[in-house]
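The values are calculated or read from the model by the stated rules, or taken from the named source; none is laboratory data. If you're wondering where the values come from, they're calculated on a predicted model, not measured in any experiment. Please note: Cβ atoms are built from the backbone with ideal geometry, for glycine as well, and neighbour counts cover all protein chains shown. Ligands, DNA and RNA are stripped out before the accessible areas are found, and what is left, the full protein with its side chains, is counted by its heavy atoms. Shrake-Rupley method; radii C 1.70, N 1.55, O 1.52, S 1.80 Å.
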Amino acid sequence: MLKTNPISLMKIFYNTLPFLSAAAILLSASCGSLRAQSMESIDSVLAAVERNNLELRALQQNNEASRLEIQSQNNLQQDLSVSYSPFFTRGYDGVASSELVVSMGFDFPSQYISRGKSGKLQNEALDMQYALQRRDILLQAQLLCLDLVRLNQEKELLDTRMANADELLALMEKRFSEGGANVIEVNKVKMERMNVRTLAAQNEAARQNTLQTLRAMNGNIPVELLVAEYPAAAEVVNYDEFYAEVMATDAGILSAEASVDAAAQEIKVNKQNWLPKFEVGYRRNTAMKEASNGFLVGASLPLFSSRNKTKIAEARHTAAQSELENARLQAETQLQSRYNELQQIHSAVQTYDVPLMHSTLDALKSAVLAGQMSVIDYYVEADNVYGNLSTYLSLENQYRKLLAEAYRNRL
């Protein structure tokens, strides 16, 4: 009888039907309130991490100190100098004569203009370095949030399995007491409940570990993410558009470009070190009862103090250019491999028909409750479906994380 009833035919259909258009249904049809709530929740977690992350706070303070240091480099190079020299003569009481000198030195005026441009470019380089660090930290937090969504999905699936196992156990125990089921069927349900409990414990442990990592990134402030739906995300379709966006917005490339510009300006600054330095001041000399006043004007040529500074700046510029080339090469290599992986994973996700798998589980359960299928046969079929659902959840999570990494510069 079991071989000809509708449930058996439906199982044969399920086992032979290719899994078609799963992700298309899930990714496009589930853009409702849950998905909007998920995007809000993940965005709120990322905003909290940006506010509270201790590494970003430390980088902000270090950058502020660096800005002040850069600003101080373009101040007057010598402080105000005051010197007083008294002279004594035999046979004369008190100070016979004295000399008072008040002076200040400064660089050639064009050097201040050049150093001002250099300071501006160095500040821009600091901003780009902070943007790079911020992007990487927020990406790490986003990936953790996506893992939490997957774990929440798994928790919902395990809760459903446990509820089904509890219902089937009650049914099998009743049938066993009435002689309509054997001890093997009862024990099979009990073993399923033990297995689900183990999986649930592992799921909760993984959730807590992920939340603890997020808490550490959030300045040790607890966070929670209970949603079980991914936020809406644009799919990568055209490689040329994907390439153009990544290469134009990659924080690593922008940071390296800013460093090259700053290093190039530093060469111009050091090439002006041969210019003379000036000193002006006031001078007063006294002798007996007489005093004379005058001005002090002087200049110095940096014949030795600027030696090799231009070569040092040129070497740093060359190193910055090499780092820029490496950043571009790494970005190109990563986006090519990531694009290929995205296409492959997306194709794999689309082979799963999630609604069909859920309807199959419902039909199998109904068949057991109606006495049309044994518990042993039920779990043979159900375990296969649950395995496919678990694989689907892992693949979708992998696809979402790849998308997050591909568009990490949008953070």
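Cβ separations smaller than 7 Å between residues 6+ apart or across chains give the following pairs from the stretch 180-202 residues that are open to solvent by less than 70 Å² (accessible area, probe 1.4 Å) to residues that are in a helix (DSSP H, G or I) and of a type in the set (Asp, Glu): 186/173. Looking at 314, 279, 290, 332 in this structure, which one is under 23 Å from residue 132 (Cα atoms) and not small (Gly, Ala, Ser)? Result: 332 is the single residue among 314, 279, 290, 332 that is under 23 Å from residue 132 (Cα atoms) and not small (Gly, Ala, Ser). The set of residues from the stretch 298-325 being in contact with a helix residue (DSSP H, G or I) (Cβ under 8 Å, 6 or more places away or on another chain), under 14 Å from residue 268 (Cα atoms), small (Gly, Ala, Ser) and modelled with pLDDT of 85 or more comprises just one member, 313. On inspection, residue 180 qualifies as out of contact with any Ser or Thr (no Cβ under 9 Å at 6 or more places or on another chain) and outside any helix (DSSP H, G or I). Within the option set 135, 115, 161, being more than 32 Å from the chain's Cα centre (by Cα), over 30 Å from residue 268 (Cα atoms), touching a residue at least 12 places away in the same chain (Cβ under 8 Å) and part of a helix (DSSP H, G or I) holds for one residue only, 161.
Looking only at residues in the stretch 164-196 that are among the hydrophobic types (A, V, I, L, M, F, W, C) and under 46 Å from the mean Cα position of the chain (by Cα), which one is nearest to residue 379 (Cα to Cα)?
Taking the stretch 164-196 as the starting set, the residues that turn out to be among the hydrophobic types (A, V, I, L, M, F, W, C) are 165, 168-172, 176, 181, 183-184, 186, 189, 191, 194, 196.
With under 46 Å from the mean Cα position of the chain (by Cα) added as a condition, the list becomes 165, 168, 189, 191, 194, 196.
Details: 165: 10, 168: 11, 189: 9, 191: 11, 194: 14, 196: 13 Å.
Across the stretch 164-196, the extreme among qualifying residues is 189.
Has the stretch 279-296 got at least one residue that is open to solvent by 60 Å² or more (accessible area, probe 1.4 Å) and touching a Gly at 6+ places or on another chain (Cβ under 6 Å)? There is at least one residue in the stretch 279-296 that is open to solvent by 60 Å² or more (accessible area, probe 1.4 Å) and touching a Gly at 6+ places or on another chain (Cβ under 6 Å). Pairing residues of the stretch 46-74 that are farther than 30 Å from residue 231 by Cα with residues that are at pLDDT 90 or above and hydrophobic (A, V, I, L, M, F, W, C), at Cβ distances under 6 Å and at least 6 apart in sequence or on separate chains, gives 63/126; 66/126. Are there helices (runs of 4 or more DSSP H) fully within the stretch 1-108 with at least 2 residues that are open to solvent by less than 80 Å² (accessible area, probe 1.4 Å), in contact with a helix residue (DSSP H, G or I) (Cβ under 7 Å, 6 or more places away or on another chain) and modelled with pLDDT of 50 or more? List them. Qualifying helices (runs of 4 or more DSSP H): 33-52, 54-72.
Looking for something surrounded by fewer than 13 Cβ atoms within 10 Å (Cβ to Cβ), of a type in the set (Val, Ile, Thr) and either touching a strand residue (DSSP E or B) at 6+ places or on another chain (Cβ under 6 Å) or modelled with pLDDT under 90 (or both) - is there at least one such residue anywhere in the stretch 262-274? No, the conditions are met nowhere in the stretch 262-274.
Could you check, for the stretch 316-330, whether at least one of its residues is surrounded by fewer than 17 Cβ atoms within 10 Å (Cβ to Cβ), aliphatic (A, V, I, L, M) and in a helix (DSSP H, G or I)? The answer is yes, given that some residue of the stretch 316-330 is surrounded by fewer than 17 Cβ atoms within 10 Å (Cβ to Cβ), aliphatic (A, V, I, L, M) and in a helix (DSSP H, G or I). In the stretch 214-235, of all residues being open to solvent by 60 Å² or more (accessible area, probe 1.4 Å) and assigned to a helix (DSSP H, G or I), the one that is nearest to residue 350 (Cα to Cα) corresponds to 215. For the stretch 331-371, taking the residues that are open to solvent by less than 70 Å² (accessible area, probe 1.4 Å), among the β-branched types (Val, Ile, Thr) and assigned to a helix (DSSP H, G or I), the one that is nearest to residue 399 (Cα to Cα) is identified as 345.
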